[in-house]
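First up is the structure itself, then whatever we jot down about it.
The values are calculated or read from the model by the stated rules, or taken from the named source; none is laboratory data. Bear in mind the structure is a predicted one, so any value in this text is a computation, not a measurement. Please note: Cβ atoms are built from the backbone with ideal geometry, for glycine as well, and neighbour counts cover all protein chains shown.
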Amino acid sequence: MKAKILTGTHYMLGDHACAEGAIAAGCRFFAGYPITPSTEIAEWISRRLPLFGGIYIQMEDEIASITALIGASCGGVKSMTATSGPGYSLMVEGIGLAVMLEVPCVIVNVQRGAPSTGLPTLVGQGDVMQARWGSHGDYEIIALAPNSCQEMFDLTIKAFNLSEKYRVPVTILSDEAVGHLREKVVIPPEEKIEIIDRKKPNVPPEEYWPYIPDEDLVPPMAIAGEGYFVHMTGLTHDERGYPDITGEAHERLVRRLIDKIQKNRKDIIEYEEVMLDDAEIVVVSFGITARAALKAVREARKKGIKAGLFRLITIWPFPEERIAEISKKIEKFVVAEINQGQVRREVERARVNSVPVIGVHKLGGELITPDEILEGIWKKQN
Amino acid sequence: MEETKLIEKVHPLEEYFRKERLPHIWCSGCGLGIAMSSLLYAIKELEIPREKIAIVSGIGCSGRVAGYVRVDSYHTTHGRPIAFATGLKIARPDLNVIVFSGDGDIAAIGGNHLIHAARRNMDITVICVNNFNYGMTGGQFGPTTPLEAITTTTPYGNFEYPFNLPHLAASSGATFVARWTVLHAYQLRQSIKKALSRKGFNFIEVISPCPTGFGRPNKIGEPIDEMRYYKENSVIRNGIDPKEAELSFRGKIVVGEFVEIEKPSYLEIYQKFLEEKGIKK
Amino acid sequence: MEKTNSKGFWRKPLDLDKLERKRGIVHINEELCKGCSFCIEFCPGGVLERKDRLNSKGYHPPYTKYPEKCTGCGFCERVCPEFAIIVEKELVK
């Protein structure tokens, strides 16, 4: 009997929903290393993936995991790994390789208290900048932030679709609170799930060059074993894939890698706006903190304050244009996040005037409560 | 003045290497070209279809091989070709995945991946070209540099013990282990053919001259002197315990096929377990 | 006792007309040569020798000094790191 995804309504752990979402998206290879709080993803996948013909391999470390992902993806199989802060730090060189080779893969970072070993079993949201700038050099990646178990399922599918469409590694910036939460998750039937696959070459092997982009700046991808004899290298390369160690080739290549994401921002960026139309104070948040922010906004409205919520679903690329637009009409931003101000910096950078940006921060280990966000809303209110 | 002839004769390996990229970047007297051509002859003689071969390399002079072979080739980050090859082989068991890299890439930064891939008996072939130093960065010492050798970062002589790579691979679980020098081009080709035809983790160490990085500081002379040294000092000992095959600075070089055992490979065991539990792939 | 005949055999082999000797013609791509001289040193028959002339990169490529001694073993082709040698094998009676 053919294995099927778990269509139906479930009471599910966030990590498990993420794993089931990966399977529904077509992931058939998982290489990982157990790390709290993402171990449950590995456990669920190790049980479910073989039923679908996939393989779970536990590599010796996270560096081997990300590299094995890239290898499997070059062979044409959708692949994923799951880790937390310390593992992500090990993976960043590999992520740089995936960016340079333009290989689709998905990395789940269930964030925890950091830096270093930090708080393995407690929540954190401090890896936002690392997801953007972790690897060396200038590059662009996509990062999504789920705030519920349902989004752990939905956004994992979206992550795979985006990574296949744009040939870029996609990070899912979850956090320990969402990962270890149990909630209602509705899994639709398989035929209702939209799956995007990477573009295949439409010319015969003799005419194929691996890095000639289409109009959307994404080249069709030839996988190993099909007679295309691709050469992929992490060195700066030209359109044939051969190393070309010149400034001119570097400018051409890296500029395209950056534009590939930047010029397609409208397709990639997603956010949620609640009560924003007449808002004077906008709370910006993501992940588990956004749920507390929603409660705070509702409470503020009850007290007559015109508050609204701007929830980031895509953290990178950052929705600068929307923040700029919003900043023109409001009195202040309140940014709530369990870190020292990583998204707050982005909001300060993106606003077009000097509207105040108040930060509501914790460093890790404890959730930000709605009352604390309300305090931020009230600050300098009177 | 006599004109240089550019001959129209076709090299027997012509379809296997990217002719437009020659001459390659390796120094005069470097053994990498011989190692690469031995690999390509082996592939040709076994008549493996070119689209079923994938070559993965790391960083270093050996790593540049990926750019010269006309098969699906991947030039990855330093130390990680074995991990990459693991992922590629699992995703595509139909491909013959070969890792071709250097001693620093495989045994230093990649050491962890080497011992684990050997432990798993992963179905890949690893060709480790050992020139006793880190050539690409100018000749620093590495985990295979013999005691007392001079390199740019051991100006007073190397005081670290080196690895015995066949011993390391065999004790980690590799099921086929061999060592040859580039002078033994014929035997090297035969060993590679054997490795490519069998399942399990195959490890072949290839000893190569490095006139620029290792030869000059250690006063070895011209690369031809190094090759003469291989001729005089290598002893073929097939089947011995790799523990006995230690190398020393300017000592005897023990070469041969040391280990060849039959053991179920990673993919074979995985398949068997799933079938026993009633899970079809 | 028979003397050695003109072909150098002690006694004429009965199947001399069926014997085939391998011979080789060595083609050298001089522009690819980097002058390592592995081919010259390790040719079992001593067929190759260094040319006095330089190629455009400044190396002395080899040439076949004693082409009649070449048996077409192909070792020069195998041991050349530059893919610069091609050995054409033929059979002669």
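Surrounded by fewer than 20 Cβ atoms within 10 Å (Cβ to Cβ), away from every other protein chain (no Cβ under 14 Å) and not small (Gly, Ala, Ser) - does that describe any residue in region A:221-234?
Checked against the condition, which is being surrounded by fewer than 20 Cβ atoms within 10 Å (Cβ to Cβ), away from every other protein chain (no Cβ under 14 Å) and not small (Gly, Ala, Ser), region A:221-234 yields no hits at all.
Considering region A:329-352 alone, what residues qualify as being touching a helix residue (DSSP H, G or I) at 6+ places or on another chain (Cβ under 6 Å), farther than 16 Å from A:Gln125 by Cβ and not small (Gly, Ala, Ser)?
Hits for region A:329-352 are A:Phe333, A:Arg351, A:Val352.
Please list, ordered by first then second residue, the pairs with beta carbon atoms under 6 Å, 6 or more apart or interchain, first in region B:18-40 and within 7 Å of chain C (Cβ to nearest Cβ), second among the basic types (Lys, Arg) and in a loop (DSSP other than H, G, I, E, B).
Taking only residues 6 or more apart or on different chains, the pairs are B:Ser28/C:Lys34.
For B:His113, which of the numbered conditions (1) under 30 Å from A:Gly225 (Cα atoms); (2) crowded, with 24+ Cβ neighbours inside 10 Å; (3) in contact with a strand residue (DSSP E or B) (Cβ under 8 Å, 6 or more places away or on another chain) fails to hold?
It fails just one condition, (3).
Restricting attention to region A:248-286, and to residues there that are among the β-branched types (Val, Ile, Thr) and under 16 Å from the mean Cα position of the chain (by Cα), which single residue is farthest from A:Val297 (Cα to Cα)? Show your work before the answer.
Applying the first criterion (among the β-branched types (Val, Ile, Thr)) to region A:248-286 yields A:254, A:258, A:261, A:268-269, A:274, A:281-284.
Subsequent filtering for residues that are under 16 Å from the mean Cα position of the chain (by Cα) retains A:261, A:268-269.
On the way: A:Ile261: 32, A:Ile268: 27, A:Ile269: 23 Å.
The selected residue is A:Ile261.
May I ask you to list pairs of residues, at least six apart or on different chains, whose Cβ atoms are under 6 Å apart, with the first in region A:109-132 being hydroxyl-bearing (Ser, Thr, Tyr) and the second being at pLDDT below 95 and in a loop (DSSP other than H, G, I, E, B)?
As it stands, the answer is A:Thr121/A:Thr36, since those pairs meet every condition given.
Looking at B:Val65, B:Val56, which is the one that is more than 10 Å from every other protein chain (Cβ to nearest Cβ) and either among the charged types (D, E, K, R) or on the phi < 0 side of the Ramachandran plot (or both)?
On the way: B:Val56 fails: more than 10 Å from every other protein chain (Cβ to nearest Cβ).
Of the residues listed, the single one that is more than 10 Å from every other protein chain (Cβ to nearest Cβ) and either among the charged types (D, E, K, R) or on the phi < 0 side of the Ramachandran plot (or both) is B:Val65.
Look at region B:213-245 and say how many of its residues are under 18 Å from the mean Cα position of the chain (by Cα) and at pLDDT below 90.
0
Which helices (runs of 4 or more DSSP H) sit wholly inside region A:60-157 and have at least 2 residues that are within 12 Å of another protein chain (Cβ to nearest Cβ) and in contact with a helix residue (DSSP H, G or I) (Cβ under 7 Å, 6 or more places away or on another chain)? Before the answer, list the steps.
Numbers: elements: A:62-74, A:85-101, A:128-133.
Correct list: A:62-74, A:85-101.
Here is a yes/no grid of residues against (1) assigned to a loop (DSSP other than H, G, I, E, B); (2) more than 9 Å from chain B (Cβ to nearest Cβ); (3) under 30 Å from C:Pro13 (Cα atoms):
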site: C:Gly46; (1), (2), (3): yes, yes, yes
site: C:Arg53; (1), (2), (3): yes, no, no
site: C:His60; (1), (2), (3): yes, yes, no
site: C:Tyr63; (1), (2), (3): no, yes, no
site: C:Arg78; (1), (2), (3): no, no, no
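Among the residues of region A:182-198, is any crowded, with 24+ Cβ neighbours inside 10 Å, assigned by TED's automatic domain parsing to the domain that holds A:Phe52 and touching a Ser or Thr at 6+ places or on another chain (Cβ under 9 Å)? Walk me through how you get there before you give the answer.
Within region A:182-198, the first condition is being crowded, with 24+ Cβ neighbours inside 10 Å, and the residues that meet it are A:185.
Subset that is assigned by TED's automatic domain parsing to the domain that holds A:Phe52: A:185.
Subsequent filtering for residues that are touching a Ser or Thr at 6+ places or on another chain (Cβ under 9 Å) retains A:185.
Yes, there is a match, as at least one residue in region A:182-198 is crowded, with 24+ Cβ neighbours inside 10 Å, assigned by TED's automatic domain parsing to the domain that holds A:Phe52 and touching a Ser or Thr at 6+ places or on another chain (Cβ under 9 Å).
Does region A:48-59 hold any residues that are at negative phi and at the interface with chain B (Cβ under 8 Å from one of its Cβ atoms), and which are they?
First, the residues of region A:48-59 that are at negative phi: A:48-52, A:54-59.
Selection gives A:Pro50, A:Leu51, A:Ile55, A:Ile57, A:Met59.
Of the numbered conditions (1) under 28 Å from A:Thr171 (Cα atoms); (2) at pLDDT below 95; (3) touching a Lys or Arg at 6+ places or on another chain (Cβ under 6 Å), A:Asp278 fails exactly one; give the number of that condition.
(1)
Could you grab me the full set of residues in region A:293-313 that are crowded, with 21+ Cβ neighbours inside 10 Å and under 30 Å from A:Pro169 (Cα atoms)?
Hits for region A:293-313 are A:Ala293, A:Leu309, A:Phe310, A:Arg311, A:Leu312.
What residue, among those in region B:44-58 that are touching a helix residue (DSSP H, G or I) at 6+ places or on another chain (Cβ under 8 Å) and surrounded by fewer than 24 Cβ atoms within 10 Å (Cβ to Cβ), is farthest from B:Arg92 (Cα to Cα)?
B:Glu45
Being under 22 Å from the mean Cα position of the chain (by Cα) and farther than 30 Å from A:Ser163 by Cα narrows it down to one of A:Leu363, A:Leu374, A:Leu294, A:Leu312, so name that one. Walk me through how you get there before you give the answer.
Details: A:Leu374 fails: under 22 Å from the mean Cα position of the chain (by Cα); A:Leu294 fails: farther than 30 Å from A:Ser163 by Cα; A:Leu312 fails: farther than 30 Å from A:Ser163 by Cα.
It is A:Leu363.
So for region A:26-37 (the condition being closer than 27 Å to A:Asn147 by Cα, part of a helix (DSSP H, G or I) and either in contact with a Phe, Trp or Tyr (Cβ under 7 Å, 6 or more places away or on another chain) or not hydrophobic (A, V, I, L, M, F, W, C) (or both)), does at least one residue qualify? Even if it seems obvious, please write down each step before you answer.
Just the residues of region A:26-37 that are closer than 27 Å to A:Asn147 by Cα, to begin with: A:26-37.
With part of a helix (DSSP H, G or I) added as a condition, the list becomes none.
Within region A:26-37, not a single residue is closer than 27 Å to A:Asn147 by Cα, part of a helix (DSSP H, G or I) and either in contact with a Phe, Trp or Tyr (Cβ under 7 Å, 6 or more places away or on another chain) or not hydrophobic (A, V, I, L, M, F, W, C) (or both).
Which residues, taken from region B:25-79, are β-branched (Val, Ile, Thr) and under 26 Å from C:Gly58 (Cβ atoms)?
If we filter region B:25-79 for residues that are β-branched (Val, Ile, Thr), which is where we start, we get B:25, B:34, B:43, B:48, B:53, B:55-56, B:59, B:65, B:69, B:71, B:76-77.
If the condition is that a residue be β-branched (Val, Ile, Thr) and under 26 Å from C:Gly58 (Cβ atoms), then B:Ile25, B:Ile34, B:Val65 are the ones that fit.
Please determine, by comparing only the residues of region A:23-51 that are in contact with a Lys or Arg (Cβ under 8 Å, 6 or more places away or on another chain) and surrounded by fewer than 19 Cβ atoms within 10 Å (Cβ to Cβ), which one is farthest from A:Ile5 (Cα to Cα). Don't jump to the end; show me each part of the working.
First, pick out the residues of region A:23-51 that are in contact with a Lys or Arg (Cβ under 8 Å, 6 or more places away or on another chain): A:23, A:25-29, A:36-37, A:49-50.
After this cut, where a residue has to be surrounded by fewer than 19 Cβ atoms within 10 Å (Cβ to Cβ) as well, the list is A:26, A:36.
Details: A:Gly26: 10, A:Thr36: 25 Å.
Here the residue is A:Thr36.
Which residue, of C:Lys69, C:Lys34, is more than 10 Å from every other protein chain (Cβ to nearest Cβ) and surrounded by 14 or more Cβ atoms within 10 Å (Cβ to Cβ)? Spell out how you get there, then give the answer.
Numbers: C:Lys34 fails: more than 10 Å from every other protein chain (Cβ to nearest Cβ).
One residue alone meets the criteria, C:Lys69.
So, in region C:2-28, of the ones that are at pLDDT below 90 and under 19 Å from the mean Cα position of the chain (by Cα), which residue ends up nearest to the other protein chains (Cβ to nearest Cβ)? Before you say what the answer is, go through the steps one by one.
Start the filter on region C:2-28 by keeping residues that are at pLDDT below 90, which leaves C:2-25.
Subsequent filtering for residues that are under 19 Å from the mean Cα position of the chain (by Cα) retains C:20-25.
Values: C:Glu20: 21, C:Arg21: 21, C:Lys22: 16, C:Arg23: 16, C:Gly24: 12, C:Ile25: 9 Å.
Only one residue tops the list, namely C:Ile25.
Give just the number: which of (1) at the interface with another protein chain (Cβ under 8 Å from one of its Cβ atoms); (2) surrounded by fewer than 23 Cβ atoms within 10 Å (Cβ to Cβ); (3) at pLDDT 95 or above does B:Val10 not satisfy?
Going through the list (1) at the interface with another protein chain (Cβ under 8 Å from one of its Cβ atoms); (2) surrounded by fewer than 23 Cβ atoms within 10 Å (Cβ to Cβ); (3) at pLDDT 95 or above, B:Val10 breaks only (3).
Assess whether B:Ser248 counts as being exposed (fewer than 14 other Cβ atoms within 10 Å of the Cβ) and of a type outside the set (Asp, Glu). If you could, list the steps in order and put the result at the bottom.
On the way: exposed (fewer than 14 other Cβ atoms within 10 Å of the Cβ): yes; of a type outside the set (Asp, Glu): yes.
In short, yes.
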